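Report on the following structure.
Where a number appears in this text, it was derived from the coordinates with a stated rule and is not lab data. From a predicted model like this one, the values you see are computed outputs, not experimental measurements. When we count neighbours, we look across all protein chains shown, and the Cβ atoms used for this are built from the backbone with ideal geometry, even at glycine.
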Amino acid sequence: MGLSDQRFDVNLSILFTELPLLERPAAAAEAGFTAVELWWPWTDTPTPEQAALGALRDALNAADTHLVGLNFYAGELPGPDRGALSLPGEESDRFRANIDVAADFAETMGCTALNALYGNRVQGVDPEVQDALALENLVLAARAADRVGATLLIEALNRPESPDYPLVSAESAVEVVDRVNAATGLGNARFLMDLYHLSMNGEDLHRVIDRHTAKTGHVQIADNPGRGAPGSGGLDFDGLADHLGKAGYDGWFGLEYKSPAESAFAWLPADRRAARH
């Protein structure tokens with residue numbers, strides 16, 4: 001099975017960004033998609049007003065789009081931040097304040113994947129202190145995710161674009177997954193396999209698939225170089241998707257790339273865009 005035979009969701013935080021947030025679900029639906037994912041939409045607050053949450057819920061429901069993935073609060077994203085949960089002080093507090101808000105919103109939408117970005121290293125702070133704080137916060141997030149029937153996702157980013165982020169390999173992210181699962185006993189922490197970030201790190205993607213598919217809860221794609229749509233770079237997505245399927249992955253492929261809406265999905269036939277469960 002090639003890439004176009006998979007089931008896809010559109011990341012509305014990186015695609016359709018020429019539109020206001022509340023118009024993006026309808027745009028995704030008009031393009032033929034029935035599933036979407038989001039970074040935490042309110043970069044300035046972990047605890048938005050109920051009216052804002054309700055407006056987003058209404059927009060997703062009106063477009064008949066299924067929210068399949070949501071980030072916890074991660075600071076300014078896109079922007080200088082790469083998460084909040086390992087940052088001592090105010091940002092860690094903001095992450096904790098967001099945990100139940102994000103989990104409860106996910107539950108109302110039937111969303112079963114919550115992504116927690118680790119956060120950058122802070123100059124002058126012992127990395128071991130940050131890692132201990134991260135584990136405390138990830139345990140809280142895993143328990144909240146479990147409460148609403150969701151998976152906690154932990155993602156590796158790439159060193160060229162995120163030089164201060166400590167999880168820049170599949171192995172480093174999976175190690176955190178294992179620590180969280182050992183600490184909670186819940187087993188609901190999983191690896192988010194972003195093929196773009198891993199390729200930017202120079203990893204052998206087929207080796208990553210062989211080693212880590214069993215612990216993978218979600219896959220995201222963008223071509224490399226450029227973080228554009230499949231076919232704009234050099235990654236063999238048909239081969240990678242086939243390998244993932246043979247390794248046992250049957251989950252979502254999140255479209256997390258940069259492209260103008262008018263050309264973003266030319267690679268994917270219209271009859272392949274609606275999610276097939």
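Data for the structure
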item	result
Calculated [θ] (222 nm, deg cm²/dmol) that DSSP helices of n ≥ 4 give over the chain, each run adding -39,500 (n - 2.57)	-11500 deg cm²/dmol
Contact order normalised by residue count of the chain, Cα under 8 Å, 6+ apart, percent	22 percent
Cβ-derived FRET efficiency at R0 45 Å, Gln123 paired with Asp64, nearest 0.05	0.45
Top of Leu53, Leu157, Leu114 by mean-square fluctuation, Gaussian network on the chain, Cα under 10 Å	Leu53
Of (1) 68, 37, 33; (2) 49, 45, 32; (3) 79, 52, 35, the label for Cα extents along the principal axes in Å derived from the coordinates	(2)
Gain on full stretching of the segment that runs from Ala261 to Leu22 - 0.36 nm per residue minus C-alpha separation	84.5 nm
Percent RCO, i.e. relative contact order, over segment 17-66, from Cα pairs under 8 Å lying at least 6 residues apart	57 percent
